[in-house]
Amino acid sequence: MHRWLENALRGAIEGVHVLAGQYVAYDMSCIIATFPDLEELVWETYRVGGVLCTSIREKLLDIAIGVFPYPIDTTGTKTKSFYSLADIARVSLGMTVSKGEDTWRTRYSELANVPLGKWPQEAIEYAIRDAELVSLILENQDERALGLHYDMPTQFDDVRADFALRMMSVWGIRVNTARVSELWEDSMSRLHEIAEQLVADKVAKRTKPKDEPPPGHMPMPAIQRNMAAIRELIEQTYPGTPPQTPGGKTSTAAEVIEECSDPVLIDLVEFGKVQKVASTYLTKMFEPLIHARFDAVGGASDRTSCRDPNLQNQPNVAGIRECFIPSPGHVFVSADFDSQEMRTLAQCCLDICGKSRLAERYQADRHFDPHLEFAARLAGISVEQAARLLAEKNEDIKALRQQSKVCNFGFPGGMGVDTFVHYAKGWGVEITPDRAQELKNAWFEQWPEMYTYFRHASNLVDFEGMSGVMIHPQSRFRRGGCTYMEISNGYFQTLAAHASKSAQFEVSRRCYVEPESALYGSRPVVFVHDELILEVPEFAIHETGQELERVMIEKMEKWTPAIPSSAEAKAMRYWSKAAERVVDAEGRLTVWEETS
């Protein structure tokens, strides 16, 4: 088996063939676990584009025609797909494949030390059927791609990212379980306190909890809301006429409740938030080492996703991130791209509009701050004056820069004024519709290329604003069935996803199999779209941080060839959003220490 695998890998590296499979990253990680001496060959096979994955290809094809993740099967039925081998066979080939627990799929460990000649015939036939099915799916995918005149140009990049994310998941990330227990007990105490008050206020009644608490810990309270009483309170305290549901009832959505000043409703919102954090995150963090599951193509924009728990979307609650810690003798070294989506937007504007003031500003200064420059325009002062006031912690310029940041992140997606007002609240910025319109007008004056950009997006959709097809000018990545806002967002979000995944693969490869690299021996533990966090030996902080920055910038600029990039490393003893870059007297990167 070892010799066959080695020859297969070398053949793929030399371009003799391509290795293909379903969820092939899992198989490759198993090869490394079984035959560690083949690890370098596995990474090299991925690097040269010698591996394909039927699951990723299927997603790319569905995204291309706008049916991800609800494809139309051979009977014309729209169905949810999880992109398993059975799902793809059913949807694309019209075949029913048994993947139950009674098959050999979950029993091959029984044959670990059994020579192939002594395997049961059923086990051999199951493996052969799987391989034959992968071959049929590959052929079907090639035919469909040919019909679209689409060669899935990012498939090898996505497959590389899938493998690197798989290796990250296998390695895992450590958890301070004592801290998790403290957070759990604090959260449960608060939930029980709120539940008692909600019951006393007659807007809820206690019910039997559905789930068992973690062993030795306080249970999570469960309540049933009194919707009639809640609607009555909303109608009494909402500023103006409260929104209605399609059925004509007063809406009880969280954003509606948050507009009310009633303390009972405020308690109700807090209960929901604390309960969600506890059930979605804390319940999955009681193991000392967790292995989150990443998906290289987690969305139609080609962005990744994560679950069990979702490390890419940590709640904005103090203490949750801080539960994640490095191994003894290590620290976390992280680096994130500086204003990544503003840079990809600048590249897309050059590609689509032919010119871009935003691009010109980055070309003149890779460290240019687009939020401060827009804030200076709003304040009617020079950028130099704005920078000086910001350094002096002037509250007015700080508030204007925050408004500018919300504009630069919200308006490029094609937001209208009303949507923007709600979006700004999520950033903690309260603005009126009139102020939102003023900001939008000023934003267009700041970046005039956006008129052409939005006109282009509008021209790609039909008269109902649907069914647009976006073909990315840099990667040729295709996304079908788009709305106007999906196209507006899609160009720069997709380009950022390409860049981040390219950086993530190359950093991971150097960590695992490039002894000459300063990254060698470190391990990636978290990937958060524009940020990569490594577990690094404490003695190697500075050199690792330097190379991490270089690789991220190099891979970013591959996808934004006209826009210089920037990334900044920092070191911390636990994951913290508050962490800052710290250098010692000799200019070497050192660990950030939290100060009370």
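The values are calculated or read from the model by the stated rules, or taken from the named source; none is laboratory data. A quick note: this is a predicted structure, and the numbers were derived from the prediction, not measured. Neighbour counts run over all protein chains shown; Cβ positions are idealised from the backbone, glycine included.
Miscellaneous remarks
- Cβ separations smaller than 6 Å between residues 6+ apart or across chains give the following pairs from the range 122-149 residues that are assigned by TED's automatic domain parsing to the domain that holds Ala20 to residues that are of a type in the set (S, T, N, Q): Val134/Gln22; Val134/Thr54; Ile137/Thr54; Asn140/Ser92.
- The lone exception for His291 - which of (1) at pLDDT 95 or above; (2) crowded, with 16+ Cβ neighbours inside 10 Å it fails: (2)
- Filtering the range 106-121 to residues that are surrounded by 12 or more Cβ atoms within 10 Å (Cβ to Cβ) and not in a loop (DSSP other than H, G, I, E, B) leaves Tyr108, Glu110, Leu111.
- Test: Pro246 is free of Cβ contacts under 8 Å to residues at least 40 places away in the same chain, under 29 Å from Ile431 (Cβ atoms) and either in a helix (DSSP H, G or I) or within 34 Å of the chain's Cα centre (by Cα) (or both): yes
For every residue, the table says whether it meets (1) out of contact with any His (no Cβ under 8 Å at 6 or more places or on another chain); (2) in the same structural domain as Ala33 (by TED's automatic domain parsing); (3) touching a residue at least 24 places away in the same chain (Cβ under 8 Å); (4) charged (D, E, K, R).
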site	(1), (2), (3), (4)
Phe68	yes, yes, yes, no
Thr79	yes, yes, no, no
Phe82	yes, yes, no, no
Ser98	yes, yes, no, no
Trp104	yes, yes, no, no
Ser109	yes, yes, no, no
Asn113	yes, yes, no, no
Lys118	yes, yes, no, yes
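- Pairs where the first residue, in the range 391-410, is closer than 12 Å to Ile431 by Cα and the second is of a type in the set (S, T, N, Q), C-beta under 7 Å, 6+ apart: none
- Check on Ala123, under 14 Å from Val24 (Cα atoms) and out of contact with any Gly (no Cβ under 9 Å at 6 or more places or on another chain): no
- Scanning the range 14-26 for residues that are surrounded by 17 or more Cβ atoms within 10 Å (Cβ to Cβ), out of contact with any Phe, Trp or Tyr (no Cβ under 6 Å at 6 or more places or on another chain) and in a helix (DSSP H, G or I) yields one hit, Val24.
- Of the residues making up the range 402-419, those that are over 22 Å from the mean Cα position of the chain (by Cα) and either closer than 20 Å to Pro370 by Cα or of a type in the set (Val, Ile, Thr) (or both) number 5.
- Annotation note: Cβ proximity below 8 Å between a residue of the range 312-338 that is outside the structural domain of Glu182 (by TED's automatic domain parsing) and within 19 Å of Ala278 (Cα to Cα) and a residue that is among the aliphatic types (A, V, I, L, M) and part of a loop (DSSP other than H, G, I, E, B) (sequence gap 6+ or interchain) occurs for Gln312/Val528; Gln314/Ile320; Cys323/Met285.
Yes or no, residue by residue, for (1) surrounded by 19 or more Cβ atoms within 10 Å (Cβ to Cβ); (2) closer than 30 Å to Val507 by Cα:
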{"position": "Arg166", "(1), (2)": "yes, yes"}
{"position": "Leu183", "(1), (2)": "yes, no"}
{"position": "Ser187", "(1), (2)": "yes, no"}
{"position": "Ala195", "(1), (2)": "yes, no"}
{"position": "Arg206", "(1), (2)": "no, no"}
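- Test: Arg174 is touching a strand residue (DSSP E or B) at 6+ places or on another chain (Cβ under 6 Å), among the basic types (Lys, Arg), touching a residue at least 12 places away in the same chain (Cβ under 8 Å) and on the phi < 0 side of the Ramachandran plot: yes
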